[in-house]
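Working notes for the structure below.
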Amino acid sequence: MDDQEWLRLNRANWDDRVRVHVGSEFYDVAGFRAGADPLRPDEVADVGDVTGLRLLHLQCHMGQDTLAWARRGAVVTGVDLSEAAVGVARELAEELGLAERARFVASDVYEARAALGGERFDVVYTGGGSLVWLPDLSRWAEVVADSLRPGGFLYLAEFHPVTDMLDEAGERVVSDYFDIGPERVDYPFTYTDGPELRHTESVQWRHPLGEVVSAVAAAGLRIEFLRERPRTVFGRFSSLERDASGLYGFPEGRPGVPLMYALRAVRE
């Protein structure tokens, strides 16, 4: 499958998802306008103070996480392959008075360097289901490394690939960890509440954790930490329970598996 085919399918699919997501309870755009913070406390602690830093958010979707970093003092740039998502992000930035500190650019990840004119940043931030849409993590990591100034760092907060092995209850291994795709999916719904999609086809790839770490290291970034976490941001499995913070984990007393991970790596 060439770049043009998977890009065409995924761009149409994500353009269509925006129509659903912008009105969904999951994204709660009205709540975000009113001041709700979509960033997870672990992420905020891992990244640290961003006041005055230039932050690039790859695969930013509708820009809520990106703008949350702008609210914390960063000068942000969001990149996404969906023109529709970028349009929503720009509107939100204007409405919230953040347009002077936030810009959004429509581009797929692999063309981001050209789309941004070679600009470099203090932080590259990404995750939350972003890597599954990329066929080649070596190319991705090279884009990340080339987007960082010396001393800048990547922060990736992503769903753990172990979760792709489990059944709907999260209780049995039903898939091969090393089956890396591509997987052509035809599914009428997105992951949020809302109506059916019109453009239902997409192409996805699984990436084992070792592939992610190796790609980042090979791009010349020094890994500062890799943290595996027992909670996730949505009820992916029927057996998960929501805690007081709004995150989901396995019930107390039951053996767990890592549900998310965070990686931070610096360009020296």
Considering only residues that are open to solvent by 50 Å² or more (accessible area, probe 1.4 Å) and either free of Cβ contacts under 8 Å to residues at least 12 places away in the same chain or in a loop (DSSP other than H, G, I, E, B) (or both), which ones fall in segment 182-216? PRO182, TYR187, PHE189, TYR191, ASP193, PRO195, GLU196, ARG198, HIS199, ARG206, SER214
Can you find a residue that is touching a Pro at 6+ places or on another chain (Cβ under 8 Å) and either at pLDDT 95 or above or hydroxyl-bearing (Ser, Thr, Tyr) (or both) anywhere in segment 139-155? no
So which residues in segment 234-268 are aromatic (Phe, Trp, Tyr), assigned to a loop (DSSP other than H, G, I, E, B) and open to solvent by 20 Å² or more (accessible area, probe 1.4 Å)? PHE234, PHE250
Test result for ARG19, basic (Lys, Arg) and either in contact with an Asp or Glu (Cβ under 9 Å, 6 or more places away or on another chain) or closer than 11 Å to PHE104 by Cα (or both): no
Would you confirm whether any residue within segment 147-156 is closer than 19 Å to GLY210 by Cβ and either buried (at least 19 other Cβ atoms within 10 Å of the Cβ) or in contact with an Asp or Glu (Cβ under 8 Å, 6 or more places away or on another chain) (or both)? yes
Which one of ASP243, ASP179 is in contact (Cβ under 8 Å) with a residue 24 or more places away in the chain and of a type outside the set (Ser, Thr, Tyr)? ASP179
Subset of segment 42-93 [open to solvent by less than 20 Å² (accessible area, probe 1.4 Å), closer than 24 Å to TYR248 by Cβ and acidic (Asp, Glu)]: GLU43, ASP46
Index of the failed condition, VAL22 passing every other in (1) touching a Cys at 6+ places or on another chain (Cβ under 8 Å); (2) over 29 Å from GLU228 (Cα atoms); (3) of a type in the set (Val, Ile, Thr): (1)
Is one or more of the residues making up segment 94-108 under 24 Å from LEU137 (Cβ atoms), surrounded by 19 or more Cβ atoms within 10 Å (Cβ to Cβ) and among the hydroxyl-bearing types (Ser, Thr, Tyr)? no
Taking the condition outside any loop (DSSP other than H, G, I, E, B) and either in contact (Cβ under 8 Å) with a residue 12 or more places away in the chain or open to solvent by 40 Å² or more (accessible area, probe 1.4 Å) (or both), does ALA169 pass? no
Quick check: anything in segment 127-137 charged (D, E, K, R), out of contact with any Phe, Trp or Tyr (no Cβ under 9 Å at 6 or more places or on another chain) and open to solvent by 40 Å² or more (accessible area, probe 1.4 Å)? no
Considering only residues that are open to solvent by 40 Å² or more (accessible area, probe 1.4 Å) and in contact (Cβ under 8 Å) with a residue 60 or more places away in the chain, look in segment 221-233 and name the one that is nearest to ARG267 (Cα to Cα). GLU224
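The values are calculated or read from the model by the stated rules, or taken from the named source; none is laboratory data. It should be emphasised that the depicted structure is a prediction, and the values quoted were computed from it without experimental measurement. Cβ: placed from backbone, ideal geometry, glycine included. Neighbour counts: every protein chain shown. Note: areas computed on protein heavy atoms with side chains; ligands, DNA, RNA excluded. Shrake-Rupley method; radii C 1.70, N 1.55, O 1.52, S 1.80 Å.
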